[in-house]
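To start, the structure itself, in structure tokens.
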Amino acid sequence: MFWFFKRKKENQSKVNDTKGRGILIFENTSEVIRAEKLLKQHGYEIKVVGPPPEIRKGCDLAIEFPLIYEMKIHNILREHRIPPLGSQPISNTGLKPVDLFQTKDFGKYLMVKAANMKLTIDKETLLIVNVSGGGCPDVPYISKELIGKRLQDAPEPRDLGHTLCGYALQLAYEKAKSIFDGKEGYQKSSWN
């Protein structure tokens, strides 16, 4: 019976740890994407952020993580050959990750921006009316596959492209879905 209480306590500390956060810095975007997937598979509550300019070394993305798990996270990444260039505590240091997301309400349309990619949605019909940004070779193809489709019926950008632009567009797509699901404070009654 003791093992049950020990496991429950361990899981609670994972959920309740919101103060001690750190940033993992990587050489390139593909490492960030692989590390994000791996760490989420291992159950860590992490998120992709823009690194503060003061500590940016490689690419324009970083992973924010709970510092209490720093050693375990480094071991997992090393074991899977995705070593970060470094890590830095951000709690109590004045360093702040750059928010990758911005939204702009144009009345009839809502634009969701993640990093350099923008997804614009008609707020009434939930049709994707525009995809813009980036300079990756897969952007025209992804745009062609998304524009004119309802947000909830559109394919996920991660299934269409494999570049930084495709990844950023996936983030914008997920954020837009979250917004229209009401999780971000925006209510849309016709979202079914």
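The values are calculated or read from the model by the stated rules, or taken from the named source; none is laboratory data. Owing to the predicted nature of the structure, the values given are computational and were not obtained by experimental measurement. Cβ: placed from backbone, ideal geometry, glycine included. Neighbour counts: every protein chain shown.
Any idea how many residues of the range 151-174 are outside any loop (DSSP other than H, G, I, E, B) and either crowded, with 23+ Cβ neighbours inside 10 Å or not charged (D, E, K, R) (or both)? So the count comes out to 11. Consider LEU39 carefully, then state whether it is within 25 Å of PRO155 (Cα to Cα) and assigned to a helix (DSSP H, G or I). Yes: the conditions hold for LEU39.
All of (1) modelled with pLDDT under 95; (2) in contact with a Lys or Arg (Cβ under 8 Å, 6 or more places away or on another chain); (3) not polar (S, T, N, Q); (4) not assigned by TED's automatic domain parsing to the domain that holds VAL48 hold for LEU160 with one exception: (2). Between LYS175, LYS113, LYS96, the distinction of being among the charged types (D, E, K, R), modelled with pLDDT under 95 and in contact with a helix residue (DSSP H, G or I) (Cβ under 8 Å, 6 or more places away or on another chain) belongs to LYS113 only.
For the range 92-120, a residue qualifies if it is assigned to a loop (DSSP other than H, G, I, E, B) and either within 29 Å of TYR173 (Cα to Cα) or in contact with a Leu (Cβ under 6 Å, 6 or more places away or on another chain) (or both), and the qualifying residues are LEU95, LYS96, PRO97, ASP99, LEU100, PHE106, GLY107, LYS108, ALA115, ASN116. Of all residues in the range 50-60, those being in contact with an Asp or Glu (Cβ under 9 Å, 6 or more places away or on another chain) and either surrounded by 14 or more Cβ atoms within 10 Å (Cβ to Cβ) or in the same structural domain as THR163 (by TED's automatic domain parsing) (or both) number 4. Taking each residue of the range 124-151 that is without any contact (Cβ under 8 Å) to a residue 24 or more places away in the chain and in the same structural domain as SER30 (by TED's automatic domain parsing) and looking for partners that are part of a loop (DSSP other than H, G, I, E, B) and not aromatic (Phe, Trp, Tyr) with beta-carbon atoms closer than 7 Å, six or more apart or interchain, yields nothing. Please determine, by comparing only the residues of the range 65-90 that are out of contact with any Lys or Arg (no Cβ under 9 Å at 6 or more places or on another chain) and among the β-branched types (Val, Ile, Thr), which one is surrounded by the most Cβ atoms within 10 Å (Cβ to Cβ). Here the answer is ILE73. When the residues of the range 98-123 are filtered to those that are under 19 Å from LYS149 (Cβ atoms) and without any contact (Cβ under 8 Å) to a residue 24 or more places away in the chain, the one that is surrounded by the most Cβ atoms within 10 Å (Cβ to Cβ) is THR120.
Surrounded by 15 or more Cβ atoms within 10 Å (Cβ to Cβ), among the hydroxyl-bearing types (Ser, Thr, Tyr) and part of a helix (DSSP H, G or I), is that true of SER143? For SER143, the condition - surrounded by 15 or more Cβ atoms within 10 Å (Cβ to Cβ), among the hydroxyl-bearing types (Ser, Thr, Tyr) and part of a helix (DSSP H, G or I) - is met.
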